[in-house]
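The values are calculated or read from the model by the stated rules, or taken from the named source; none is laboratory data. Just so we're clear, the structure is a prediction, and the values are computed from it rather than from any experiment. Every residue, glycine among them, receives a Cβ derived from its backbone with ideal geometry; neighbour counts consider all protein chains shown.
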Amino acid sequence: MPNSLPCPDKERKALTFKFLTPLWAGPAEAVIISRMTSRLDSLKEHSLVVADTGDIDAVERWKPQDATTNPSLLLAAAQDPRFRSLVERSIAEAGGDVAAAMDALAVQFGAEILKHVPGRVSTEVDARLSFDTQGSSERARRLIGRYEKLGIGPERILIKLAATWECIRAARMLEREGIHCNMTLLFSFAQAAACAEAGVTLISPFVGRIYDWHKQHRQVEDIPIEEDPGVESVTRIYNYYKNHGFATQVMGASFRKTGQILALAGCDLLTIAPDLLEKLAAEPGEVPRRLSPAQAKVSAAIERRRLDETSFRWLFNEDAMASDKLSEGIRRFDADARKLEKLVVSLAAAAPAVPEPG
Ligand code: G3P
């Protein structure tokens, strides 16, 4: 497994030193302690670590292989004065068309992120197209076209689509055209099985939002890692993929605590927010591999499921958590996209008018 999230070494060592040097430690012990492997370094031996953020400075700092964004992360980044010029550039480029400005903004951030990563960036299609196969595939092609105009080829982009039946159909079509997809808001086995059969490049099964749902329904403060339903869901999907030889990569996403990440060490990729990267970099210790194709072989076998639309919808609907979380996830991404639109409109209105020629 390629592994490339070179943590800023000096900073990591300084942090490790600061947190770990006990009072008794003399210079020799301090050197040994400061050289201890961090959990992040150790994790990188098992999984490809990806940064989940729209914060370009954080990407530059962590220098991951890949990076992922979503509408909520883009909204946070666009509101940050450090990135205001990117927003203004997108507005200017779109010439008054709000929808075009939103696409331009996603691509401007993606292109900027790509200056700091050797791999791919994930750019999400408008959540309002979550139930529109044609609309979401056309939007994906437009995003790829915008990247191409900036000299960035499709091999560096993952088009992020909600894992609805309609978008899984769109992804199937796009993959055949050489446009790679990352299926997001994935909470269930039904979604994962359908994505694998559609031949998508990558899925992002969520951990934290599944954990949130169960915590709320059980009315508990925490669920221990050994019983974490988000970790269990990703493990089950990973084992199913490996046992049936699917090429689709599994990227665990949406984490609430480092324990959830460490419990999935070995998953093909893990996309992690900067605050949790920071924590993993500051914690010393070896991380044992939890997921592997060999381990998958000894797990309870799940028969291959080739779902058609009816059986997909039935199986998905059987899962109350996944049904709730997919709907809520689409609503949340849409709400944040609308907030971003408002910001774009207000900035466009405040921009100095371009004088008419002549
Ligand atoms: O990559 C998906 C991730 O950004 C969602 O995370 O924390 O909003 O559940 P979260």
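Residue pairs whose Cβ atoms lie under 6 Å apart, sitting 6 or more positions apart in sequence or on different chains, and linking a residue in the stretch 48-59 that is within 14 Å of SER122 (Cβ to Cβ) to a partner that is of a type in the set (Asp, Glu) and modelled with pLDDT of 95 or more, are VAL50/ASP66.
Between LEU161, LEU174, LEU185, the distinction of being at positive phi and hydrophobic (A, V, I, L, M, F, W, C) belongs to LEU185 only. The helices (runs of 4 or more DSSP H) falling completely within the stretch 65-163 that include 2 or more residues that are at pLDDT below 95 and more than 19 Å from the chain's Cα centre (by Cα) map to 84-94, 98-114. Against the test of being over 21 Å from LEU161 (Cβ atoms) and either touching a residue at least 24 places away in the same chain (Cβ under 8 Å) or basic (Lys, Arg) (or both), the options GLY285, GLY329 yield a single qualifying residue, GLY285.
Can you find a residue that is under 25 Å from the mean Cα position of the chain (by Cα), in contact (Cβ under 8 Å) with a residue 12 or more places away in the chain, under 30 Å from SER38 (Cβ atoms) and outside any helix (DSSP H, G or I) anywhere in the stretch 291-303? Yes, there is a match, as at least one residue in the stretch 291-303 is under 25 Å from the mean Cα position of the chain (by Cα), in contact (Cβ under 8 Å) with a residue 12 or more places away in the chain, under 30 Å from SER38 (Cβ atoms) and outside any helix (DSSP H, G or I).
Among the residues of the stretch 323-332, is any out of contact with any strand residue (DSSP E or B) (no Cβ under 7 Å at 6 or more places or on another chain) and either assigned to a loop (DSSP other than H, G, I, E, B) or among the aliphatic types (A, V, I, L, M) (or both)? No, that holds for no residue. Applying the criterion of being more than 9 Å from the chain's Cα centre (by Cα), within 15 Å of the ligand (Cβ to nearest atom) and not in a helix (DSSP H, G or I) to the residues of the stretch 50-64, the residue that is farthest from ILE113 (Cα to Cα) is PRO64.
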